[in-house]
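A.B. asks: There's a structure below that I have some questions on.
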2 protein chains.
Amino acid sequence: MRTLHPEPLTAAAFAPFGDVIELAGARQMPINAGTTIRFHDLAQVDVLAEGGRTLINLFRAQPRDVPVRLSLMERHPLGSQAFLPLVDAPYYVVVAEDDHGRPGALRAFVTNGWQGVNYAKNVWHHPLLALGAVRDFIVVDRGGAGVNLEEHLLDEAVCIAT
Amino acid sequence: MRTLHPEPLTAAAFAPFGDVIELAGARQMPINAGTTIRFHDLAQVDVLAEGGRTLINLFRAQPRDVPVRLSLMERHPLGSQAFLPLVDAPYYVVVAEDDHGRPGALRAFVTNGWQGVNYAKNVWHHPLLALGAVRDFIVVDRGGAGVNLEEHLLDEAVCIAT
């Protein structure tokens, strides 16, 4: 069994895979006569390939057993996929660069405070890894015709160090 | 001073103005080997007019004093705007049908449980009306060129009955 040691999730470290959705560093605009702050344009939504459209969904995830064991990676060739947690609780994010059509070296991240992620189109990532309790996430992704899911079973057992 | 009495927010009552975003009645799909439920396609995102694109933002709203006094209505001629609360706490939603280019009779709604709204393109609505504490909302709306805001000051003072 191989063990991954999760890194803190930062925009710089995650840049090859997509956007970290967070308030730190975001453009802020006071609106509504000063009663509201707009944290503006937090992720690059990229869903229009092959006639796609933007979907808003809610994912309700069961917590994983720890240490978390990884089984497969997936990617969405036609669209980005953003996850925005409803609660401020840590969860894991596992991604990989592509290596000749399959995931290369896995990288694990752990969130710190209220952070979401937006996987760029066609980026390998593990399905949602909630921790501790049932967690709800707003998910913004692509709807429409076309094959938008590719899965890859991992060859060896991998877990995330707690 | 005129007083509005808020109605419960239901999909049927709100239909002329857009979508109620809620889990009751949503299409549910088990995904990720049964570890997650996907509540699918909760709102009609309509942001592509005049070269628009989908934005994901966070709005941080100060709570309103009660009884809430209304001052102006606004609408977005080029795109829908969805609000999804991070917390399960009631807030007000005020909308109006168009009456020759200005808001007609105002209708006030109050949320019940975790509910969001998606204002359809060009629907008159009041800016965000949070209650009780600072509240965060995920907002999915339109970015891009073009004039996407129209405001209308109310002619008479209106408040919402508590």
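A.B. asks: Given labels modelled 7 Å from the Cα in the Cβ direction, how far is it in nm from B:Ala89 to A:Val87?
C.D. replies: In this crude label model, B:Ala89 to A:Val87 measures out at 1.7 nm.
A.B. asks: Can you tell me the FRET efficiency between B:Ala105 and B:Val147 if r is taken as the Cβ-Cβ distance and R0 is 30 Å, rounded to the nearest 0.05?
C.D. replies: Numbers: r = 26 Å, r/R0 = 0.86.
Computed FRET efficiency for B:Ala105 and B:Val147: 0.70.
A.B. asks: Oh, and also: Between A:Gln62 and A:Leu154, what length comes free when the chain is fully extended (0.36 nm per residue of separation minus the Cα-Cα distance, one decimal in nm)? Kindly include the intermediate steps, with their values, before the conclusion.
C.D. replies: On the way: separation 92, 0.36 × 92 = 33.12 nm, distance 2.14 nm.
Here the segment from A:Gln62 to A:Leu154 would lengthen by 31.0 nm.
A.B. asks: Pulled fully out, how much extra length does the chain show between A:Met29 and A:Ala15, if you take 0.36 nm times their separation in residues and subtract their Cα-Cα distance?
C.D. replies: Values: separation 14, 0.36 × 14 = 5.04 nm, distance 2.43 nm.
Working it through step by step, the gained length comes to 2.6 nm.
A.B. asks: So what are the three principal axis dimensions of segment B:39-85 from its Cα atoms, in whole Å, longest to shortest?
C.D. replies: For segment B:39-85, the Cα spread along each principal axis is 38, 28, 16 Å.
A.B. asks: Follow-up question, since we're still on this one. If you consider only alpha-carbon coordinates, what radius of gyration and Dmax does segment A:89-162 have, in Å?
C.D. replies: Cα radius of gyration and Dmax of segment A:89-162 are 13.6, 40 Å respectively.
A.B. asks: With N residues in chain B, what two-decimal value do you get for its Cα radius of gyration over 2.2 N^0.38 Å?
C.D. replies: Output field value: 1.06.
A.B. asks: Could you work out how much longer the chain between B:Leu48 and B:Leu72 gets when fully extended? Use 0.36 nm per residue separation minus the Cα distance between them, nm to one decimal.
C.D. replies: Length difference between fully extended and current span is 6.0 nm.
A.B. asks: Related question: Around B:Arg75, what is the net charge, scoring Lys/Arg as +1 and Asp/Glu as -1 over all other residues with Cβ under 9 Å from its Cβ? Kindly include the intermediate steps, with their values, before the conclusion.
C.D. replies: Working: positive: B:Lys121; negative: B:Glu74, B:Asp98, B:Glu150, B:Glu151.
Net local charge, B:Arg75 excluded: -3.
A.B. asks: Which one of B:Leu9, A:Leu131, B:Phe137 has its Cα pushed farthest toward the positive end of the charge dipole of the protein assembly as shown, where Lys and Arg give +1 and Asp and Glu give -1 at the Cβ?
C.D. replies: With unit charges placed on the Cβ atoms, the residue in question is A:Leu131.
A.B. asks: State the answer as a single residue: which of B:His100, A:Gly18, B:Ile160 lies farthest towards the positive end of the charge dipole of the protein assembly as shown, with beta carbon charges of +1 for Lys and Arg and -1 for Asp and Glu, about the Cα centre.
C.D. replies: So the residue we want is B:Ile160.
A.B. asks: Still on this structure: Mind checking the dipole of chain B: about its Cα centre, +1 per Lys or Arg Cβ, -1 per Asp or Glu Cβ, Debye to the nearest 20? Mind showing how you got there, number by number?
C.D. replies: Working: 13 positive and 18 negative charges, 72 e Å.
The dipole of chain B has a size of about 340 debye.
A.B. asks: Equivalent-ellipsoid semi-axes (√(5λ), Cα gyration tensor) for the protein assembly as shown, whole Å, largest first? Walk me through the numbers before you get to the answer.
C.D. replies: Numbers: eigenvalues 290, 79, 59 Å².
Equivalent ellipsoid semi-axes, largest first: 38, 20, 17 Å.
A.B. asks: Just to be sure I understand: if you take the accessible area of chain A alone plus chain B alone and subtract the pair, with a 1.4 Å probe, what total do you get in Å², rounded to 100?
C.D. replies: Numbers: alone 8650 and 8660 Å², together 14040 Å².
So the buried area, both faces added, is about 3300 Å².
A.B. asks: What accessible area, in Å² to the nearest ten, does a 1.4 Å probe give for A:Ile37?
C.D. replies: Roughly 60 Å² of A:Ile37 is accessible to a 1.4 Å probe.
The values are calculated or read from the model by the stated rules, or taken from the named source; none is laboratory data. Please read these numbers as outputs of a predicted model, since none were measured by experiment. When we count neighbours, we look across all protein chains shown, and the Cβ atoms used for this are built from the backbone with ideal geometry, even at glycine. When the accessible area is computed, the model is the full protein with side chains, heavy atoms only, and any ligands, DNA or RNA have been set aside. Shrake-Rupley method; radii C 1.70, N 1.55, O 1.52, S 1.80 Å.
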